[in-house]
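Here the structure comes first, spelled out in structure tokens, and everything after it is commentary.
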Amino acid sequence: MGERGEMHWRVGDCRTARSQQAMEFLMTYGWSVLIVTAVIVILFNMGIFNSANFAPKAQPGNCKVLRTGGFTNLEGTCSGVPPQSVAMFNGISGSILTGNLNGAPAITSSGGLVTLTGWAYSSDITTYRSLVTYGSTPPLIGLAYDDNCGSIPDVLSILYYLGGTYADYCLAPPITAGTWAFYAVTYNGVTGAAVTYEGAGGSLYSHTSTYSLGSNVIPANPPVSIGTGTGITWFGVISNIQVYNTTLDANQIGLLYREGIGGAPIAPQSIVGWWPLNGNANDYSGNNDNGAATGITYTSSWTSGYTAP
């Protein structure tokens, strides 16, 4: 009986020792595990593990539209390779202004086709901020964040009338600060439509409204303003602005989104302005309408918040 009792005591003592060793191990190395985990989370949030960081990056002018003999086609590596850099706007005075777009139509209450598309990341959606506008004075067509779309700003498609009043519509749910999103707005003289794809998997937000410009007209070959034009300067980064003299349909817009941030024009024959903003404000649509950049820097650290479609 005594021997059995002693054996039982020894087994229990061994278990206690093992538990104590396990606790000592956790006390010794637990903080190290937590620190390593925290570092991994921080690096992930910074985009260090983003696949876009490891993909080849396109040089400026890597892909462009070539116009020869009445034909229009793409030239170069145009497979949606991510850009080396994007344009950074400071939210105070940055802007990219183009000259008149050759081949861009007049927009009236009964005709004129236009599509604006682009990728953007906003560091602030607490106030009205302009992304891109088509035209120099009202009426204008454009995309911006607006702080009058409810308690939280949404992306806003704008159609200005003369005199400063405008019709608008807001997309819901709100676009998130700190996340790249793809935007598109179309207008056909009667109907305006806005589309936004945001986040991993491309959550789709869309809206369509009917407008009447009356006698107001956006003249043919208007300029385009990137990062400014209808309100406070954009605060964040912008890439791959495209302007078409047609209204892209939902399928074409979806295809352009799925090309990713480095996507080439989906309809080269209809492109009138294309600013990848990959290290410069040059127009690669074949129309050579290079932008004049003020207060702009170009950054290669752009992948945080971006997930390839």
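Based on this model, can you work out whether Gln252 counts as without any contact (Cβ under 8 Å) to a residue 24 or more places away in the chain, of a type outside the set (Lys, Arg) and part of a helix (DSSP H, G or I)? Taking the combined requirement at face value, the residue satisfies it.
Just to be sure before I move on: is Thr246 in a loop (DSSP other than H, G, I, E, B), within 15 Å of Thr72 (Cβ to Cβ) and touching a helix residue (DSSP H, G or I) at 6+ places or on another chain (Cβ under 6 Å) in the structure I sent? Taking the combined requirement at face value, the residue satisfies it.
Restricted to the stretch 68-77, and to residues there that are surrounded by 14 or more Cβ atoms within 10 Å (Cβ to Cβ) and within 13 Å of Ala267 (Cα to Cα), the residue that is modelled with the highest pLDDT is Leu74.
Put simply, of Ile271, Ile266 the only residue that is crowded, with 24+ Cβ neighbours inside 10 Å and in contact (Cβ under 8 Å) with a residue 12 or more places away in the chain is Ile271. Of all the listed residues (Leu143, Leu101, Leu131), the sole one being in a loop (DSSP other than H, G, I, E, B) and either outside the structural domain of Pro222 (by TED's automatic domain parsing) or crowded, with 17+ Cβ neighbours inside 10 Å (or both) is Leu101. Among the residues of the stretch 195-208, the one identified as modelled with pLDDT under 80 and either buried (at least 23 other Cβ atoms within 10 Å of the Cβ) or of a type in the set (Phe, Trp, Tyr) (or both) is Tyr205. Gln252 - would you say it is of a type in the set (S, T, N, Q) and over 20 Å from Asn102 (Cβ atoms)? Yes; evaluated as a whole, the condition is true for this residue.
The values are calculated or read from the model by the stated rules, or taken from the named source; none is laboratory data. All figures in this text were calculated on a predicted structure; none of them were measured in a lab. Every residue, glycine among them, receives a Cβ derived from its backbone with ideal geometry; neighbour counts consider all protein chains shown.
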